[in-house]
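Asker: Quick one: the structure is below, and I'll ask about it shortly.
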Amino acid sequence: MVSVAVTIRTARVDELESLEALQRRASLANPGDREAILAHPEAIVIPLNQLTDGQVFVAESDGSLLGFSAVLDREDGQTELDGLFVEPSLWRAGVGRLLVERAKSYGHDHAAVWLHVVGNPHAEGFYEACGFVTYGSQQTEFGPGLLMRAAVGPRGGGAT
Ligand SMILES: CC(C)(COP(=O)(O)OP(=O)(O)OC[C@H]1O[C@@H](n2cnc3c(N)ncnc32)[C@H](O)[C@@H]1OP(=O)(O)O)[C@@H](O)C(=O)NCCC(=O)NCCS
């Protein structure tokens with residue numbers, strides 16, 4: 001659990017660079033992703049419209065950014081977790097779960113039933129702990145991805 005007070009709020013446009021730097025640090029801390037990120041640094045980009053559209057949520061404590069999640073509206077009416085990154089020094093402290101909960105509540109507010117994610121296999125246990133189930137797989141630019149989804153209803157209840 002997080003031992004300091006954490007606020008989850010919508011990201012500001014002027015935080016774009018800080019969030020991309022955080023994403024870079026978090027991605028490089030994954031041994032399985034490090035090489036690909038170093039070879040393709042341009043892969044780390046947060047589309048400006050995600051910020052202007054209010055689809056990026058940050059975890060903040062005492063003025064410091066601890067992590068962020070980014071959500072997309074899918075054409076099928078469901079929502080997709082497009083990005084989730086936590087400052088490596090704070091992993092396993094509950095910040096990622098708070099950011100997933102905020103992404104789920106975005107989906108709930110937008111009349112979605114599911115929050116989907118193409119999960120990096122190394123994060124499978126994390127996503128399962130946050131209520132996601134795997135229903136397939138998909139090849140991504142950086143290797144195999146797990147197609148996972150979680151219900152966005154109150155406490156993730158309802159759909160299976
Ligand atoms: C994946 C990531 C977002 C997790 O964030 P976090 O703040 O460490 O996660 P939390 O502390 O909220 O963990 C929530 C639960 O998942 C579990 N968990 C966290 N990371 C895990 C992992 N790698 N494997 C298995 N379980 C994990 C925690 O133990 C916790 O379970 P519990 O509440 O039952 O004890 C973070 O490690 C990260 O930023 N990684 C690099 C970027 C990345 O891989 N993003 C996902 C790409 S699909």
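The values are calculated or read from the model by the stated rules, or taken from the named source; none is laboratory data. Here the structure is a predicted model, which means the values were calculated and not measured. Methodologically, a virtual Cβ is constructed for each residue, glycine included, from the backbone with ideal geometry; neighbour enumeration extends over all protein chains shown. Side chains included, ligands, DNA and RNA excluded: accessible areas come from the protein's heavy atoms. Shrake-Rupley method; radii C 1.70, N 1.55, O 1.52, S 1.80 Å.
Asker: Picking from E80, E75, E87, E101, which residue would you name as being within 15 Å of V4 (Cα to Cα), open to solvent by 10 Å² or more (accessible area, probe 1.4 Å) and among the charged types (D, E, K, R)? Walk me through it before giving the result.
Answerer: Numbers: E80 fails: within 15 Å of V4 (Cα to Cα); E75 fails: within 15 Å of V4 (Cα to Cα); E101 fails: within 15 Å of V4 (Cα to Cα).
Answer to the selection: E87.
Asker: Given V152, V95, which one is within 11 Å of the ligand (Cβ to nearest atom), at pLDDT 95 or above, open to solvent by less than 20 Å² (accessible area, probe 1.4 Å) and within 24 Å of V6 (Cβ to Cβ)?
Answerer: The unique qualifying residue is V95.
Asker: Within region 105-149, restricting attention to residues that are of a type in the set (D, E) and either within 15 Å of D82 (Cα to Cα) or more than 12 Å from the ligand (Cβ to nearest atom) (or both), which residue is most open to solvent (accessible area, probe 1.4 Å)?
Answerer: Top of the filtered list is E141.
Asker: If you go through region 30-44 one residue at a time, how many are open to solvent by less than 40 Å² (accessible area, probe 1.4 Å) and part of a loop (DSSP other than H, G, I, E, B)?
Answerer: Residues meeting the conditions: 2.
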